[in-house]
Amino acid sequence: MPELQTIDVSPLFDKAGDAVAVDRAIGKAIETEGGFAIVGFPGAEDLDRRTRQLLTFFELPAAEKRKVATRAVEPSGKRIYRGYLSSLEPGCWAHNEFFDIGPEEPVQGPAIPGMEIFAETNIWPEQEPVQGWKDLMRRHHRDLQAVSFAVMLSAGRAFGFDAEVIKSRFEGGNSTLRLLNYPRPPVSAEAKKKALDMRLDETGEILAAGRHCDAAGLSLLWQNTPGLEAEAPDGSWRAVPARPNSISVHLGDVLSIMTDGKIPATPHRVVDHGVTRQSVGFFLEPALSARLAPIGASAAQEDRIGAGTYGWHLMSTFHERPRHKDLVPAPM
């Protein structure tokens, strides 16, 4: 299988660099391959070490992780949107667990009953898995926010959009940093066969995560082992390289909506290679009150979008999920 190309984005962070050349490379990669990997961003030389340190969260005792669990897995949980979520129970399609944080000072969204769920403050484990872990999580969120902003604006320029207009929709955003762990399930042969049957892709691949596009504006994904694949516009699949200190870039549904489909979202999946897997995702999200209508749309076109804000869209999406239907009200 061919690999996604890797682009050195260091000129985006150097005033003397050739940012125009990077814009062109990113635009071509999106048109031909759907996504791309990047190196050369600030802090890249320390990315792998830092990320593995963050993932020590999953070494905490189960009881400690459940103290920061969302109500979807722990009825007494203090959060619904931010915190720990587990799908390790028998019968779950995705055998994984993850931990989310957002901005330290989230910006409130539109005045819709229940919207405060998505502006929750972060919840932290009582004991740090390693000293300084909490501060490192905050710093990683902040650093990847800057990287994703620069890459998204480069993609916008490549497709003829005013970078400042795109940027304005993401200022005060609700971006998410997610730690992910896919342990190997200790199951019987019969249960394993059933799980594999559920996760068999139409291409014959056994998946750890099915084909999907992220709802964010843009996603940055780090993986400790190969398995992540991106779908090109022609329907072919490309492996995301698991190179040292690199991350892959996947365009999201929100940016596609805002650009009227001119910047297409990147379908991607994770193939199960039968090994324990860990990853980290950063999802660049707009402000909860940001309009989702295409940039430059008329008032009449905006009306056709419906309620039209990212917060409304997020609330509607979560209400439709089985684990959150009773926790997140339908937007009114």
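Please report the net charge: other residues with Cβ closer than 15 Å to the Cβ of Glu31, K and R +1, D and E -1. Spell out each step's value before the answer.
Working: positive: Arg24, Lys28, Arg157, Arg238, Lys262; negative: Asp23, Glu33, Glu231, Asp234.
Neighbourhood net charge equals +1.
Would segment 89-130 count as rounded, prolate or oblate if I go by the C-alpha gyration tensor, calling it rounded below 1.5 in a/c and otherwise prolate when a/b exceeds b/c, oblate otherwise? The partial results should precede the final answer.
Values: a/c = 3.47, a/b = 1.39, b/c = 2.50.
Oblate, since a/c reaches 1.5 and b/c is not below a/b.
Ignoring ligands and nucleic acids, what accessible area does Phe161 show with a 1.4 Å probe (Å², nearest 10)?
Phe161 has an accessible surface of roughly 40 Å² with all protein chains in place.
For Thr70, tell me the accessible area in Å² from a 1.4 Å probe, rounded to the nearest 10.
Solvent-accessible area, nearest 10 Å²: 0 Å².
Give me the percent of accessible area attributable to carbon and sulfur for segment 1-133, probe 1.4 angstrom. Write out the running numbers ahead of the final one.
Numbers: 3280 of 6360 Å².
Reported share for carbon and sulfur atoms: 52 percent.
In debye to the nearest 20, how big a dipole does the chain give about its Cα centre with +1 on each Lys and Arg Cβ and -1 on each Asp and Glu Cβ? Numbers along the way, then the final one.
Numbers: 37 positive and 44 negative charges, 127 e Å.
About 600 debye.
Mean residue ellipticity at 222 nm from the helices of the chain, using -39,500 (n - 2.57) per DSSP H segment of n ≥ 4 over the full residue count, to the nearest 500 deg cm²/dmol? List each step's numbers first, then the result.
On the way: 9 runs with 94 residues, N = 332.
Counting only the DSSP helices, I get -8500 deg cm²/dmol.
Would you rank Lys167, Lys325, Lys65 by solvent-accessible area, highest first, keeping every protein chain in place and using a 1.4 Å probe? Working shown, then result.
Values: Lys167 65, Lys325 105, Lys65 20 Å².
Result, largest first: Lys325, Lys167, Lys65.
Could you please state, rounded to a whole Å, how far the C-alpha centre of segment 43-66 is from the C-alpha centre of segment 105-155?
Measuring centre to centre over Cα atoms gives 16 Å.
Kindly identify segment 59-136 as rounded, prolate or oblate by the Cα gyration tensor criterion: order the square roots of the eigenvalues as a ≥ b ≥ c, call it rounded if a/c is under 1.5, otherwise compare a/b with b/c, prolate if a/b is larger, else oblate. Don't skip to the answer; put the middle values down first.
Numbers: a/c = 2.21, a/b = 1.23, b/c = 1.80.
Oblate, because a/c is 1.5 or more while a/b does not exceed b/c.
Once a ≥ b ≥ c are taken as the square roots of the eigenvalues of the Cα gyration tensor of segment 116-176, is the result rounded (a/c under 1.5), prolate (a/b larger than b/c) or oblate (a/b not larger than b/c)? Let's see the in-between values first.
Values: a/c = 4.86, a/b = 2.06, b/c = 2.36.
Oblate, because a/c is 1.5 or more while a/b does not exceed b/c.
Could you tell me which GluC sites (Glu not before Pro) in segment 105-153 are loop residues by DSSP with no more than 14 other beta carbons within 10 angstrom of their beta carbon? Don't jump to the answer; show the numbers that get you there.
Details: sites: Glu116, Glu120, Glu126; in loops: Glu120, Glu126.
Counting only loop positions with at most 14 other Cβ atoms within 10 Å, the GluC sites (Glu not before Pro) in segment 105-153 are Glu126.
Grab the other residues whose beta carbon is less than 11 angstrom from that of Pro11, score K and R as +1, D and E as -1, and report the net.
Summing Lys/Arg as +1 and Asp/Glu as -1 gives -3.
For the chain, with the dipole built from +1 on Lys and Arg beta-carbon atoms and -1 on Asp and Glu ones, taken about the Cα centre, which of Ala242, Leu60, Cys213 lies farthest toward the positive end?
Most positive-ward Cα: Leu60.
Using +1 at the Cβ of each Lys and Arg and -1 at the Cβ of each Asp and Glu in the chain, identify which of Met137, Gly281, Pro110 lies farthest towards the dipole's positive end.
The listed residue farthest towards the positive side: Met137.
Please compute the per residue accessible area over segment 1-131 with all protein chains in place, 1.4 Å probe, rounded to a whole number of Å². Write down the numbers at each step before the final one.
Details: 6330 Å² over 131 residues.
With the other protein chains kept in place, segment 1-131 gives 48 Å² per residue.
The values are calculated or read from the model by the stated rules, or taken from the named source; none is laboratory data. Worth saying up front: this structure is predicted, and the values here are computed from it rather than measured. Cβ coordinates were reconstructed from backbone atoms using ideal geometry, including for glycine residues, and neighbour counts include every protein chain displayed. With ligands, DNA and RNA removed, areas are computed over all heavy atoms of the protein, side chains included. Shrake-Rupley method; radii C 1.70, N 1.55, O 1.52, S 1.80 Å.
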